[in-house]
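The structure appears right after this line, and notes come after that.
Where a number appears in this text, it was derived from the coordinates with a stated rule and is not lab data. Every value quoted in this text rests on a predicted model; they were computed, and no experiment measured them. With ideal geometry, Cβ positions are generated from the backbone for all residues, glycine too; neighbour counts draw on all protein chains shown.
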Amino acid sequence: MKPYDLLKESIQFASKQLEVFKATKSLDDVSTMVITALYRKIIELSEGVRVSAANGLAGPAELNYRGLLEAALSLEYILQDSTKTDDRAKAYKIGYHKQQINAVEQGSLNEQERALLSRGLSYHQQELALEELQEVLIKFDELQNQDRRRFIPKWYSLDGGPKSINQLAIYLAEEDEPETLVSNLYGLLSTGAHMYMALNSIRKSGEAITIKPVKATFNSNLDEYNFVATRSLLTSAILRFTRAKHPEYLCSLQNFFIKIKPYLSVN
């Protein structure tokens, strides 16, 4: 089984599990809601890598991989310490609603546009007013007030946490791997995300200057689109989600790992 096929199998397993979870579980508590949403995002971005690659779109595949890396780090951080999971999930939810409110309040909108968005704005304000969020919201607001520009803090920076995604990557790095490994990887991908790398499509041969076609030739026998790394992030997320929120699926997960184990050395 080649890297592309192994990724596809992993996506199919995770997608099926998510459907089973939705049909049998409730998302009533904040931690389950946030963890499940992150798991879904990880599956979606993994599929984004796969579909983009299958269509020879290297740029979109890279952007999906960058987003996947951030979502995987977020899930790992929330689940890292079970005594802090609830508060970290609440901080994530608070950060989401604050960002949505800020987008409306700071946007250059006319009266008609504001009227159309008022219902959504009201929803986000009501969510922030939930009693279960208040203790963490106080910490969040205190951190925001410490910034002279009152920028919304990173959700993971509460309680002395990392201040940036690079710091989060370093914080979560395994003891036996270089601290800069994940953070440098994220930094490299971030360059593409901010469109600084548009000119990498230019090719010069002698005096002739050409530009690469939008779609490249796709070879499923090669790992040209981070298939191995994407599959690794996805399967790690499957394991974390199953252990934390869906232990009934452990038997199915074990059978899946047995199935793919012979191919995990493929690179």
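So what is the relative contact order for the chain, in percent, with contacts set as C-alpha pairs under 8 Å and at least six apart?
Working: 255 pairs, mean separation 86.8, N = 267.
RCO, the chain: 33 percent.
If amide hydrogens are placed 1.01 Å from N in the peptide plane, which non-local residues have theirs closer than 5 Å to the one on Ser164?
none
One quarter of the convex hull surface, Cα atoms only: what value does that give for the chain in nm²? The partial results should precede the final answer.
On the way: hull surface 75.2 nm².
Spelled out: convex hull of the Cα atoms, projected over all directions, averaged, 18.8 nm².
Output the peptides 74-81, 15-22 sorted from most to least packed, where packing is the average of other Cβ atoms within 10 Å over each peptide's residues.
Values: 74-81: 19.0, 15-22: 15.2.
So the peptides 74-81, 15-22, ranked by packing, come out 74-81, 15-22.
Taking the Cα centre of the chain as origin, work out the dipole magnitude from +1 charges on Lys and Arg Cβ and -1 charges on Asp and Glu Cβ, in debye rounded to 20. Working shown, then result.
On the way: 32 positive and 33 negative charges, 158 e Å.
For this selection, approximately 760 debye.
Check each of the chymotrypsin sites (Phe, Trp or Tyr not before Pro) in the stretch 90-157 and keep only those in coil by DSSP with at most 12 other C-beta atoms within 10 angstrom; list them in order. Provide the component values of the computation, followed by the final result.
Details: sites: Tyr92, Tyr96, Tyr123, Phe140, Phe151, Trp155, Tyr156; in loops: Phe151.
Filter output for the stretch 90-157: Phe151.
Order these peptides, 203-211, 3-11, by their mean beta-carbon neighbour count within 10 angstrom, highest first.
Working: 203-211: 7.8, 3-11: 20.9.
Taking the mean over residues of other Cβ atoms within 10 Å, the ranking is 3-11, 203-211.
³J(HN,Hα) across the stretch 37-53 via Karplus (A = 6.51, B = -1.76, C = 1.60, θ = phi - 60°), whole Hz, x for Gly/Pro?
For the stretch 37-53, the Karplus curve yields 5, 5, 4, 4, 5, 4, 5, 4, 5, 4, 5, x, 4, 5, 5, 4, 5 Hz.
For the pairs Lys93/Lys163; Lys25/Lys139; Lys41/Lys93; Lys8/Lys98; Lys16/Lys259; Lys98/Lys163, note any where the Cα-Cα span goes beyond 26 Å.
On the way: Lys93/Lys163 17 Å; Lys25/Lys139 30 Å; Lys41/Lys93 15 Å; Lys8/Lys98 35 Å; Lys16/Lys259 16 Å; Lys98/Lys163 17 Å.
Where the Cα-Cα span goes over 26 Å, the pairs concerned are Lys25/Lys139; Lys8/Lys98.
Do the sum for the chain: with -39,500 (n - 2.57) for every DSSP H run of n ≥ 4, divided by all residues, what is the mean residue ellipticity at 222 nm, to the nearest 500 deg cm²/dmol? Walk me through the intermediate numbers first.
Values: 10 runs with 174 residues, N = 267.
Using -39500 (n - 2.57) per qualifying helix, the result is -22000 deg cm²/dmol.
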